[in-house]
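The values are calculated or read from the model by the stated rules, or taken from the named source; none is laboratory data. Since we're looking at a predicted model, the values are computed, not measured. All Cβ positions, glycine included, derive from the backbone under ideal geometry; neighbour counts span all protein chains shown.
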2 protein chains.
Amino acid sequence: MRLLITIVFCFIMGQISAQTDAENLKSIYSNSLTNGMSYQWLDHLSNQIGGRLSGSLNAEKAVQYTKEELEKLGLDKVWLQPVMVPRWVRGAPEFAYFETSPGVTTNVNICALGGSVATPLGGIKAKVIEVKSYKDLEALGEAEIKGKIVFINRPMQADLINTFEAYGGCAVERYAGAAEAAKYGAVGTIVRSLNLRLDDFPHTGSMSYGDLPVNQRIPSAAISTNDAELLSGMLALNKEVKFFFKQNCQQLKDVQSYNVIGEITGSEFPNEIIIVGGHLDSWDLGDGSHDDGAGVVQSMDVLRLLKESGIKPKRTIRVVLFMNEENGLRGGRKYAEIAQEKKENHVFALESDSGGFTPRGFSFDCSDVMFAKIESWKPLFKPYLIHYFEKGGSGADIGPLKNDNIVLTGLRPDSQRYFDHHHASNDTFEHVNKRELELGAASMTALIYLIDKYGTQTISNTEELRD
Amino acid sequence: MRLLITIVFCFIMGQISAQTDAENLKSIYSNSLTNGMSYQWLDHLSNQIGGRLSGSLNAEKAVQYTKEELEKLGLDKVWLQPVMVPRWVRGAPEFAYFETSPGVTTNVNICALGGSVATPLGGIKAKVIEVKSYKDLEALGEAEIKGKIVFINRPMQADLINTFEAYGGCAVERYAGAAEAAKYGAVGTIVRSLNLRLDDFPHTGSMSYGDLPVNQRIPSAAISTNDAELLSGMLALNKEVKFFFKQNCQQLKDVQSYNVIGEITGSEFPNEIIIVGGHLDSWDLGDGSHDDGAGVVQSMDVLRLLKESGIKPKRTIRVVLFMNEENGLRGGRKYAEIAQEKKENHVFALESDSGGFTPRGFSFDCSDVMFAKIESWKPLFKPYLIHYFEKGGSGADIGPLKNDNIVLTGLRPDSQRYFDHHHASNDTFEHVNKRELELGAASMTALIYLIDKYGTQTISNTEELRD
């Protein structure tokens, strides 16, 4: 009889709890869509500050602005965490053309890749060798490459549904192409922009020379997809085409910057820390609205939405706005380093760094047992069309926190439009839809609410479910 | 033993069939994303033809263009189905302002609602009475309303996740507001645009005077959301504000137009007809790219994608491009009328008329048994992030086909951005994303493929599952 009463009691409490969860999620979504702050914050970050490359004045303005806004929310703590960041500057705009015969030139749209060296002052002009992958370089060898500009023309694979997979398949060309081409005596590299659309925007992004000696480093630029097609078509007709480009970028000395952090201290388990974040820095060409202004303002609004919805977290909820994700990951590394020094117990981290588009769900880096627990919440998300719950990667900034205890999670918005804007001058505020952004903030808040309420302890955190 | 063999055989065949289905879906999606025609067709429809209001020259150009393009696909039959359509013309652009004191005016953005009468040649100027709903008019009565312009300022409900629900909650104000206001002696109505965003675009759409005598009809216009807010704010300060507007629209005589139809005749059950369609007409302010150029080109591409993927339909697959959805539904009604006359057996109809955004799934108007059958295909759609399978409405054009045998279905794309553009001058080609459009075409093709393969017969089509 006692058992029966207990069972009935647990059943009823379970029902009440589920109802409360549904009501709290409704309040969170409703609040975000009618009264959200994310869009207004993004407007300031994008239109009053603009592109926020690490080490720039704008990046520091963004630090100050977001700190002040977090302070207005009445959190328990707001602080800046110092971190030294690299400072790469683009200098005057790049200029490029190809020449089909002496004096007959066609201008093309390029931009220096982040981390690249400049061309000599007078620019570089050389013949072009086109490849589909940097792996083709070995087969061609020095005989074919020496003295030429290597043009890596690898289109993103259009038939992958998740555009991040298509990006992943090509990003290495941008990152490592110049270092590889330099080994065979190339004088520069031009990489097709990582953009699924045919248009005129060159897309920057980080590249690295690895351990290549400084005097062997060659300048590397991205070319717009339209111009990549044009150049490729021209090379098919005429191998003698010459390409000219001039870029004026410089790597300066590291400078002091900050991660911006705010927290609501947990009422029951203050030492269990849940973080939510995005990165405050962006590339310099656009205003970084999708990458990652969106993630920044959504993360800020998670704490506000919890408070507005009358939710008092049991665990500590911390928003972390990371500096320097784009060209160094110094902020993410510093945050993890300090966390380890302080022996902080991070149990959950959620990153939004895939654009401010309609959220579809989340990707979880965790044990199967924990994943099963999270999956049991799917019905709560159904009214909001949040359906994607899969195991997988999370986000670059929270990656350094990885250990056996923490659950790492990435927001997964609809990915179709992301690479139209990514790292290009059209990553701007007018391409962010207010409702899509707000739905993302609400979805993140809803997940954080459930994680805080039910914790990350499972029957066994170490033993994986066998299936 | 025989039973066992049968069971094993069925199981194996089931597995093979599922594999083939998965492969066919992959081929369909891949073809649409790498080799689709929908975007190219939409480019022509939007940028070479433009807005296609029923009865206009552009509408006739669209009829000719889509017929010619369907003829190029090598279908078994392509034809035009004549239908008489209403012809309403906007005339010269509208003009409006409000006047806070004599001579002190502020211009505002309005557009005549489709079907409205014009103002007198010199326009109308009158005091304004603001209401949130046309239902408020009865309480105010003639004493408050007579001689005034009624301003119906009902915002769409922002916290509904499905924006079509929010639209449904307000569309009656636009459709019936003028007829209702006229009963109390109003001289005109100004309706807040059905737009969830605050911006400067007025959004047109159909309205009706019902059986109101012609001499009692008053002009009705939509005002942009920004200007609705401005006017409302001004009225809160000063009830004496006067509103002026002039519009020049006319209802002309009905003219001849066409539904455009093409089909692949079924190889096994040619008399079972499956249709897929959108509407060829659009409002006149933009180029009708989302509403419903997208649905038109996606539907056309369904037949092409089936052919390209080597699928030979057992049933007849027919694309129907309906004329006059926006202000009369004459094409949809005519199609159903002719189908009934010819005793055609329509078993399935799919409409795309919710914009060319990332597809999320489908809404089905069918029996529970049939719905269960369709739901069993969900795993096939999972790789394409198509997750929304719900019972519900379908589309306006296919509605007149409704009977006990037919399954009516609507494509359900992400709805967040739809009403930013709906019926406004910014419903234009550049706001359609190629991949999103193509994913919609592929999803429609995949569903049609499965419906054709497995049919719409269920254990019992008449007896519903009790649950």
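Quick check on this structure: which one of B:VAL117, B:VAL128, B:VAL172, B:VAL150 is part of a loop (DSSP other than H, G, I, E, B) and under 28 Å from B:VAL89 (Cβ atoms)? Write out each step before concluding.
Details: B:VAL128 fails: part of a loop (DSSP other than H, G, I, E, B); B:VAL172 fails: part of a loop (DSSP other than H, G, I, E, B); B:VAL150 fails: part of a loop (DSSP other than H, G, I, E, B).
Just one listed residue meets the conditions, B:VAL117.
Please tell me if B:PHE381 is part of a helix (DSSP H, G or I), more than 29 Å from B:ASN195 (Cβ to Cβ) and either in contact (Cβ under 8 Å) with a residue 24 or more places away in the chain or within 18 Å of the chain's Cα centre (by Cα) (or both). Yes, satisfied. Only one entry in A:LEU237, A:LEU198 is surrounded by fewer than 23 Cβ atoms within 10 Å (Cβ to Cβ), over 22 Å from the mean Cα position of the chain (by Cα), within 30 Å of A:PRO359 (Cβ to Cβ) and assigned by TED's automatic domain parsing to the domain that holds A:ILE145, namely A:LEU198.
When you check B:TYR175 against the structure, is it more than 14 Å from chain A (Cβ to nearest Cβ) and in contact (Cβ under 8 Å) with a residue 24 or more places away in the chain, yes or no?
In short, yes.
When you look at A:ALA182, is it more than 23 Å from A:THR225 (Cβ to Cβ), modelled with pLDDT of 95 or more and outside the structural domain of A:SER363 (by TED's automatic domain parsing), yes or no? Write out each step before concluding.
On the way: more than 23 Å from A:THR225 (Cβ to Cβ): yes; modelled with pLDDT of 95 or more: yes; outside the structural domain of A:SER363 (by TED's automatic domain parsing): yes.
Here the answer is yes, as A:ALA182 does meet what is asked.
Against the list (1) crowded, with 21+ Cβ neighbours inside 10 Å; (2) in contact with a Phe, Trp or Tyr (Cβ under 8 Å, 6 or more places away or on another chain); (3) away from chain B (no Cβ under 14 Å), the condition A:TYR449 fails is (2).
Among the residues of the stretch B:433-447, not a single one is in contact with a Cys (Cβ under 8 Å, 6 or more places away or on another chain) and basic (Lys, Arg).
Identify all residues within the stretch B:240-256 that are touching a helix residue (DSSP H, G or I) at 6+ places or on another chain (Cβ under 6 Å) and either modelled with pLDDT under 95 or surrounded by 22 or more Cβ atoms within 10 Å (Cβ to Cβ) (or both); write none if there are none. Reasoning before the result, please.
Just the residues of the stretch B:240-256 that are touching a helix residue (DSSP H, G or I) at 6+ places or on another chain (Cβ under 6 Å), to begin with: B:241.
Across the stretch B:240-256, there are no qualifying residues.
Checking each residue of the stretch B:261-283 against the condition of being in contact with a Pro (Cβ under 9 Å, 6 or more places away or on another chain) and closer than 30 Å to B:GLU430 by Cα gives no match. Just one of the listed residues (A:LYS382, A:LYS307) is within 14 Å of another protein chain (Cβ to nearest Cβ), under 27 Å from A:ASN433 (Cβ atoms) and not hydrophobic (A, V, I, L, M, F, W, C), and it is A:LYS382. Put simply, of A:GLU375, A:GLU325, A:GLU351 the only residue that is surrounded by fewer than 21 Cβ atoms within 10 Å (Cβ to Cβ) and at pLDDT 95 or above is A:GLU375. Determine whether A:ASN58 is touching a Ser or Thr at 6+ places or on another chain (Cβ under 6 Å), at pLDDT 95 or above, buried (at least 18 other Cβ atoms within 10 Å of the Cβ) and not aromatic (Phe, Trp, Tyr). So A:ASN58 fails the test.
Note on the stretch B:86-121: among residues that are of a type in the set (Val, Ile, Thr) and farther than 16 Å from B:ARG192 by Cβ, the one that is surrounded by the fewest Cβ atoms within 10 Å (Cβ to Cβ) is B:VAL104.
Scanning the stretch A:23-76 for residues that are among the aromatic types (Phe, Trp, Tyr) and within 14 Å of chain B (Cβ to nearest Cβ), which turns out nearest to A:GLN250 (Cα to Cα)? Break it down stepwise before answering.
Keep residues of the stretch A:23-76 that are among the aromatic types (Phe, Trp, Tyr), which gives A:29, A:39, A:41, A:65.
Still in the running and within 14 Å of chain B (Cβ to nearest Cβ): A:29, A:39.
Working: A:TYR29: 45, A:TYR39: 34 Å.
So the residue we want is A:TYR39.
Among the residues of the stretch A:78-135, the one identified as under 30 Å from A:LYS334 (Cβ atoms) and hydroxyl-bearing (Ser, Thr, Tyr) is A:SER116. For the stretch A:178-224, what are the residues that are touching a Phe, Trp or Tyr at 6+ places or on another chain (Cβ under 8 Å), small (Gly, Ala, Ser) and part of a strand (DSSP E or B)? Once the filter is applied, which keeps residues that are touching a Phe, Trp or Tyr at 6+ places or on another chain (Cβ under 8 Å), small (Gly, Ala, Ser) and part of a strand (DSSP E or B), the stretch A:178-224 yields A:GLY188, A:SER206, A:ALA221. Among the residues of the stretch B:402-436, those that are within 11 Å of chain A (Cβ to nearest Cβ) and under 18 Å from B:TYR388 (Cβ atoms) comprise B:ARG412, B:PRO413, B:ASP414, B:SER415, B:GLN416, B:ARG417, B:TYR418, B:GLU436.
Return the residue satisfying two criteria in turn: it lies in the stretch B:270-317 and is part of a strand (DSSP E or B) and either of a type in the set (Asp, Glu) or without any contact (Cβ under 8 Å) to a residue 60 or more places away in the chain (or both), and of such residues it is surrounded by the most Cβ atoms within 10 Å (Cβ to Cβ). Out of the qualifying residues, it is B:THR316.
Among the residues of the stretch B:106-144, just one is in contact with a Gly (Cβ under 8 Å, 6 or more places away or on another chain), more than 17 Å from B:LEU231 (Cβ to Cβ) and among the β-branched types (Val, Ile, Thr), namely B:THR119.
Quick check on the stretch B:330-338. Is at least one of its residues within 20 Å of the chain's Cα centre (by Cα), small (Gly, Ala, Ser), crowded, with 23+ Cβ neighbours inside 10 Å and away from chain A (no Cβ under 14 Å)?
Here is the first cut: in the stretch B:330-338, the residues within 20 Å of the chain's Cα centre (by Cα) are B:330-336.
If we keep only those that are small (Gly, Ala, Ser) as well, we get B:331-332, B:336.
Retained after the next criterion (residues that are crowded, with 23+ Cβ neighbours inside 10 Å): B:331-332.
Among the residues that remain, those that are also away from chain A (no Cβ under 14 Å) are: B:331-332.
There is at least one residue in the stretch B:330-338 that is within 20 Å of the chain's Cα centre (by Cα), small (Gly, Ala, Ser), crowded, with 23+ Cβ neighbours inside 10 Å and away from chain A (no Cβ under 14 Å).
The set of residues in the stretch A:60-81 that are touching a residue at least 40 places away in the same chain (Cβ under 8 Å) and out of contact with any strand residue (DSSP E or B) (no Cβ under 6 Å at 6 or more places or on another chain) comprises A:GLU60, A:ALA62, A:GLU69, A:LEU73, A:GLY74.
What is the residue count in the stretch B:385-431 for residues that are at pLDDT below 95 and β-branched (Val, Ile, Thr)? Within the stretch B:385-431, residues that are at pLDDT below 95 and β-branched (Val, Ile, Thr) number 0. Any residue in the stretch A:179-187 that is touching a helix residue (DSSP H, G or I) at 6+ places or on another chain (Cβ under 9 Å), more than 14 Å from every other protein chain (Cβ to nearest Cβ) and among the acidic types (Asp, Glu)? Yes - at least one qualifying residue is present in the stretch A:179-187.
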